[in-house]
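Rule-based calculations on the coordinates, nothing more; no lab input. Bear in mind the structure is a predicted one, so any value in this text is a computation, not a measurement. Please note: Cβ atoms are built from the backbone with ideal geometry, for glycine as well, and neighbour counts cover all protein chains shown.
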Amino acid sequence: MLFGRKNKNPIIIRDKGVVDWKYSTCGYCSTGCSIEIGMNEEGVPVTTRGVGGADVNRGKLCIKGLTEAQIFDSVGRGTTPKVREKRFDNWQDTNWDTALDKTAAEFKRIQEKYGRDSVAIVSTGQIMTEEFYTLGKLVRGVIGTNNYDGNTTLCMASAVSGYKRSFGSDGPPGCYGDFEHTECLIAFGSNLPEQHPIIYWRLKEALEKRKFPLIVVDPRVTMFAQFADMHLPITPGTDLVLLNSLAHVILKEGLADMDYIARSCSNYEKFAATIEDYDPVSAAKICGIDEDTIRNVARLYANANAAMSIWTMGINQSTHGSDGVCAINNLNLITGNIGKPGGTSLSITGQNNAMGTREWSSTSGLPGYRLLEKPEHREEVASFWGVDPEFFPPKRGLTETDIFPAIETGQIKALWLVATNPMTSMPNSARIRKTFEKLEFCVVQDCYQDVETTQYANVYLPGALWAEKQGCFTNTERRVNLTRPVVKPIGDSKSDFWIFTQLAKRWEQGLKMSFPEDTEQAFEEMKQLSKGENRMLDISGMSYDLIEQKRGIQWPFREGQDEGSPRLYTEGVFQHADGKAKLMDMPYIENNERPCEDFPFWLNSGRVVEHFHTRTKTGKVGNCNKFSPTPYMEMNPDAATELGIKHMSYVRLVSRRGDAVVLVQTTQRVARDMVFIPMHYHDCVNRLSLGLLDPHSRQPAFKQSSVRIEHIDQKEAARMNVDMRAF
Ligand code: SF4
């Protein structure tokens, strides 16, 4: 029996002629899978496989990792630097000296005319940690603009902000190993099987060995929600209300760990007074989860010997993102579930090295979680780098989401983008497009020259890709892992590290300072800076060889330590000055754009398993692209019937910002008053999104805005759709 394959050719897996396997770490998501790249006789990477002995993925990879060898020579790779006088002129191929001289000269001209902060720099979560460190050294120590940020503001800023407010420092306190010990898990706004398939596989494996309640909080019936014991279909943007209410029940019913609170937490009285108002009856009216379910979940969580929470963008991408993170931390603090096996508050990070930029890039401060606001930190780094401490600003500058409005108002005149594509990733893309037109000078540094933002660039710098270079990534559970270079950078492209160090030489100050020769030397500098009493982010015991040998090491890993540290705060001592965690008291304030008569549907967005970010990579990999080649919209079948809309027809979506044409997929995964669109496609969901900002993290609320649905001529729509997606 051929199971439907009668008369079809059998699947043949061809021998790819692999003669050698080289160690690396997957360059896509923050799961941090160890990967081996298969090389053929000609030294060409032809395939990949998971590393069996690696603790993270234990031999497995998802579709993106399995097809990663195909990205080295995919279409759109940039192979030579390019310059042009004016935007939209034809590009001129050039050499590196010309491109870097022009970049430095324009930055200097603009800074001289408009001030140091008139040049803005936005980087990424995808280059090597050593490259982040070196970029930070260049920006903070040489160029000197304070308007420097990473695109991680679009995905992780609320987690960072929430950790800092609750625990006194960034740094996810738990690990994947916690799945093997927990007795109850709540996932907030996370579709783990599609976003982080290998982390989900680790969870599933733990569940197969030992059953425990799995609760998923999400407005949409995601794949994760379908696998859960309980699904709480929350009203978008109201997580804080649910979390305050869970805490209310736990305190009222005497289920809190009062010893832990007394020993390790501050601000209990104010916190308890605030959550007094969040009884389940009142909360249910706002968050849409009935009072019995709230009570039931609170009891399950508090009565478990160990309970853990995980979350991703459903929490972070909200006007209450930072508060939501603090409220998750509160839940774990009042139940004594921080720093113990199976008890944690674990933010699942997005990009492969979002953690690396948080730790070492100096975007929000100085390297190694140091703060610009602390004079002793400025002194320390200044003397290590050989910079006048007065050169550092006394507080952080603008975030990515504030940099664009500052370009609009003329405060910022030049922009350098490193491996990020705001034309697709920022909310309200029509406004972003207009903003780019105001720049006097724009540099795009990226592995791909067809990245949409190059349309507005004056200089294009081709960066090397992932395993064309050497360095480390830190994953969601603080594990530092290594990527070895398996091939030379394509054409005349160069590693980001090389670009940063060469650019530094174009300034007098850069010539005076000592920049590392290679990434391993940069890593040694970072190790020196990481040492010190009470320094949590200590990597001083690591080396490249040891990292590879152990398939990644979790920090802190001090000199002389044999094993990495799976958990933080194991003694109940935190990073606030008093050594305690702060229970944050946070009332809910309704401030989202909500469905109304003119725009009656919630617009939600998220990821699909085949694609990564703005598809610069996965959009060119056949096996990734063929499963999701075109933007689509999930719509409830009852709502579709009511509007006379058919499954697999095109519609036009309209918001207060703009419009987009999408293909309809009717499904019960979304409620009657909601539609869902994947976030990966250019000129699609972000033409519609509003992106109000969280006041603490400045992260946009991508997932809470409203739209209406209009009929459109099908032939015209199909043509527009093909034109818009053409690379
Ligand atoms: Fe790569 Fe993430 Fe897939 Fe692992 S789960 S193979 S790190 S994309």
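Before moving on, here are some points about what is shown:
- Qualifying trypsin sites (Lys or Arg not before Pro) in region 56-103, DSSP loop, other Cβ atoms within 10 Å at most 10: Lys86
- For the pair region 342-388 and region 476-514, the centres of their Cα atoms are 18 angstrom apart.
- Summing +1 for each Lys or Arg and -1 for each Asp or Glu among the other residues whose beta-carbon sits under 15 angstrom from that of Ala640 gives 0.
- Note on the chain: dipole from Cβ charges, positive end direction compared against Pro45, Ala99, Ser266; the farthest Cα belongs to Pro45.
- Net charge dipole, the chain: roughly 1340 debye, given to the nearest 20, about the Cα centre with Cβ charges of +1 for Lys and Arg and -1 for Asp and Glu.
- DSSP-assigned coil residues among GluC sites (Glu not before Pro) in region 467-573, each with at most 15 further Cβ atoms within 10 Å: Glu517, Glu533, Glu559, Glu563, Glu571
- Three-way shape label, region 631-727, alpha-carbon gyration tensor, a/c 1.5: oblate
- Listed residue pairs exceeding 25 Å between alpha carbons, taken from Lys137/Lys438; Lys413/Lys527; Lys137/Lys531; Lys164/Lys527; Lys211/Lys703: Lys137/Lys438; Lys413/Lys527; Lys211/Lys703
- Look at the dipole of region 580-625 built from charges on Cβ: of Pro595, Gly622, Met584, the Cα furthest out on the positive end belongs to Gly622.
- Placing a label point 7 Å from the Cα of Glu408 along the Cα-to-Cβ direction, no residue of region 451-488 has its backbone N under 16 Å from that point.
- Cross-link pairs beyond the 32 Å C-alpha cut-off, checked among Lys22/Lys395; Lys64/Lys395; Lys252/Lys340: Lys22/Lys395; Lys64/Lys395
- Mean-position separation - Cα centroids, region 132-196 and region 640-681, in angstrom: 32
- Under the Karplus curve 6.51 cos²θ - 1.76 cosθ + 1.60, θ = phi - 60°, whole-Hz ³J(HN,Hα) for region 484-498, x wherever Gly or Pro sits: 9, x, 9, 9, 6, x, 5, x, 9, 6, 9, 5, 4, 4, 4
- Summary value for the chain: 19 percent relative contact order, contacts being C-alpha pairs under 8 angstrom separated by 6+ residues.
- Beta bridges by DSSP in the chain, antiparallel share as percent, to the nearest 5: 50
- Contour excess over end-to-end distance, with Cα ends at Arg84 and Arg656 and 0.36 nm allotted per residue: 202.4 nm
- Residues whose amide H comes within less than 5 Å of that of Gly541, counting only those at least five positions distant or on another chain, are Phe557, Arg558, Glu559 (H built at 1.01 Å from N in the peptide plane).
- Computed from the C-beta positions of Ala262 and Asn591 and an R0 of 35 Å, the FRET efficiency is 0.50 to the nearest 0.05.
- Listed by chain and number, the aspartates and glutamates placed with their C-alpha closer than 20 angstrom to that of Lys102 are Glu85, Asp89, Asp93, Glu112, Asp117, Glu437, Glu440, Asp446, Asp492, Asp496, Glu508; residues fewer than eight positions away on the same chain are left out.
- The Cα center of region 570-612 and the Cα center of region 396-473 differ in position by 26 Å.
- Stokes-Einstein D for the chain, Kirkwood Rh over Cα pairs, 25 °C, 0.890 mPa s (µm²/s): 94
- Inter-probe distance in nm under a simple model that places probes 7 Å from Cα toward Cβ, at Asp292 and Lys16: 5.3
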